[in-house]
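These notes are about the structure you will find just below.
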2 protein chains.
Amino acid sequence: MAPQGQPASVPDDGLTTRERRDRPLLIVHTGDGKGKSTAAFGLALRAWSQGWPVGVFQFVKSAKWRIGEERALGVLADSGEGGHVDWHKMGSGWSWVQGRVDPDGDPAAAAEGWAQIRRDLAAETYRLYVLDEMTYPLRWGWLDVAEVVDTLRTRPGRQHVVVTGRAAPQELLDAADLVTEMTKIRHPMDAGQKGQRGIEW
Amino acid sequence: MAPQGQPASVPDDGLTTRERRDRPLLIVHTGDGKGKSTAAFGLALRAWSQGWPVGVFQFVKSAKWRIGEERALGVLADSGEGGHVDWHKMGSGWSWVQGRVDPDGDPAAAAEGWAQIRRDLAAETYRLYVLDEMTYPLRWGWLDVAEVVDTLRTRPGRQHVVVTGRAAPQELLDAADLVTEMTKIRHPMDAGQKGQRGIEW
């Protein structure tokens, strides 16, 4: 967590401390709680501030979701400070039906979206990739888990990747360097409260 | 989680759906995992996009931490779009010593910082308050938990508050509308990797 933190152990991997410190990370934010995507966009602020090119790949279809984040990152990208930010909409997504997540999109569009990510990873287009809600097309079989994990694991250069969404596949968790589970302890919907602007979007 | 989500139950509290939906929230991000503060700053993006005044109250002392977020919110605040953002440094904080969080600051400064938050809450200065890492001065007894919780619980108007940090006091959790625990599943420091720029700050 901290710049001054001491690692629990020092591996015998032939890397210098600096090489090990700057190793590109595969990060997963999963679990049923809130904050998975919001924390990923918080990371995008840090990357922008470092002057890094940032690619956001949005696997959520709703017109309302992510509008605040998209607008903010757009203003930051156009500010003449920090890094460039590209925002990609992948043409697939999900919606809530009777309290459950249901597919709401086009498997072919999701596959084309992933192909774009793969091309950008190969070209080292970005330093940070936000693969927002990508666990759902993985879960639904719209994307091949083994192929996605292999591509992420073998990506070249120094590209950080953060994948968000519930129920991340175990293969993805196994490949990740950093996994945080957001656990719902209490949620206003439990008390009959619906989502509201400024908080949910 | 979702605009279209159905609440699990509808309470008999005399509020309309809209009144209940727009009820101001006390949010806590706690747990040992990453993403507590980054998710709070992600919420700040949404609030900014709504045109809301946002107050960040930073209880972390390190010069390095939060520089990306502070810079990004500063650019957004000066953009002429969205809401105003004030960034307050509370003059108290913590550091990591031998892998443990240790107090590193001035209890009196923390108390003065909290007094400022209390004044702003009374004046309804902001629509969103990010009380970043405020659990630590609460844990150390630098702030009175009962007084803080009572002030937050009885705040006037429609002010959302998000408190971040490990080991949130139970009284705060009990008063919160929304609690997410960030749980560490895997962290690079476990593999001997130190924090790196663009990811940790």
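For first residues located in the range A:65-92 and touching a residue at least 40 places away in the same chain (Cβ under 8 Å), partners that are assigned to a loop (DSSP other than H, G, I, E, B) and among the acidic types (Asp, Glu) and lie 6+ apart or on another chain with Cβ distances below 6 Å form the pairs A:92/A:106.
Please work out which residue is surrounded by the most Cβ atoms within 10 Å (Cβ to Cβ), limiting yourself to the range B:134-168 and to residues that are at positive phi and under 14 Å from the mean Cα position of the chain (by Cα). Break it down into steps so the answer makes sense when it comes.
Applying the first criterion (at positive phi) to the range B:134-168 yields B:141, B:157, B:165, B:167.
Then drop every residue that is not under 14 Å from the mean Cα position of the chain (by Cα), which leaves B:165, B:167.
Values: B:165: 25, B:167: 13.
Looking at the filtered set, the residue picked out is B:165.
The residues of the range B:19-29 that are modelled with pLDDT of 90 or more, facing another protein chain (nearest Cβ under 8 Å) and in contact with a Lys or Arg (Cβ under 8 Å, 6 or more places away or on another chain) amount to a single one, B:29.
On the given criteria, is residue A:130 of a type in the set (Val, Ile, Thr), within 17 Å of the chain's Cα centre (by Cα) and surrounded by fewer than 23 Cβ atoms within 10 Å (Cβ to Cβ)?
Values: of a type in the set (Val, Ile, Thr): yes; within 17 Å of the chain's Cα centre (by Cα): yes; surrounded by fewer than 23 Cβ atoms within 10 Å (Cβ to Cβ): no.
The answer is no for residue A:130.
On the given criteria, is residue B:190 assigned to a helix (DSSP H, G or I) and modelled with pLDDT under 95? In short, yes.
For the range B:61-73, the condition holds for no residue, the condition being that it is modelled with pLDDT under 95, surrounded by fewer than 23 Cβ atoms within 10 Å (Cβ to Cβ), facing chain A (nearest Cβ under 7 Å) and more than 19 Å from the chain's Cα centre (by Cα).
Per the conditions (1) modelled with pLDDT of 70 or more; (2) surrounded by 15 or more Cβ atoms within 10 Å (Cβ to Cβ), the sole criterion not satisfied by residue A:16 is (2).
If you go through the range B:142-155 and keep only what is in a loop (DSSP other than H, G, I, E, B) and either within 18 Å of residue B:30 (Cβ to Cβ) or touching a helix residue (DSSP H, G or I) at 6+ places or on another chain (Cβ under 6 Å) (or both), you end up with B:142, B:143, B:155. In the range A:107-123, the residues that are farther than 18 Å from residue A:161 by Cβ form Cβ pairs under 8 Å with partners that are of a type outside the set (Lys, Arg) and surrounded by fewer than 20 Cβ atoms within 10 Å (Cβ to Cβ), at six or more places apart or across chains, as follows: A:107/A:140; A:109/A:91; A:112/A:91. Taken over the range B:31-52, the criterion of being among the hydroxyl-bearing types (Ser, Thr, Tyr) and closer than 18 Å to residue B:65 by Cα is satisfied by B:37, B:38.
The values are calculated or read from the model by the stated rules, or taken from the named source; none is laboratory data. In this text the structure is predicted, and so the values were computed from the model without any measurement. Note that each Cβ is placed from the backbone with ideal geometry, even for glycine, and that neighbours are counted across all protein chains shown.
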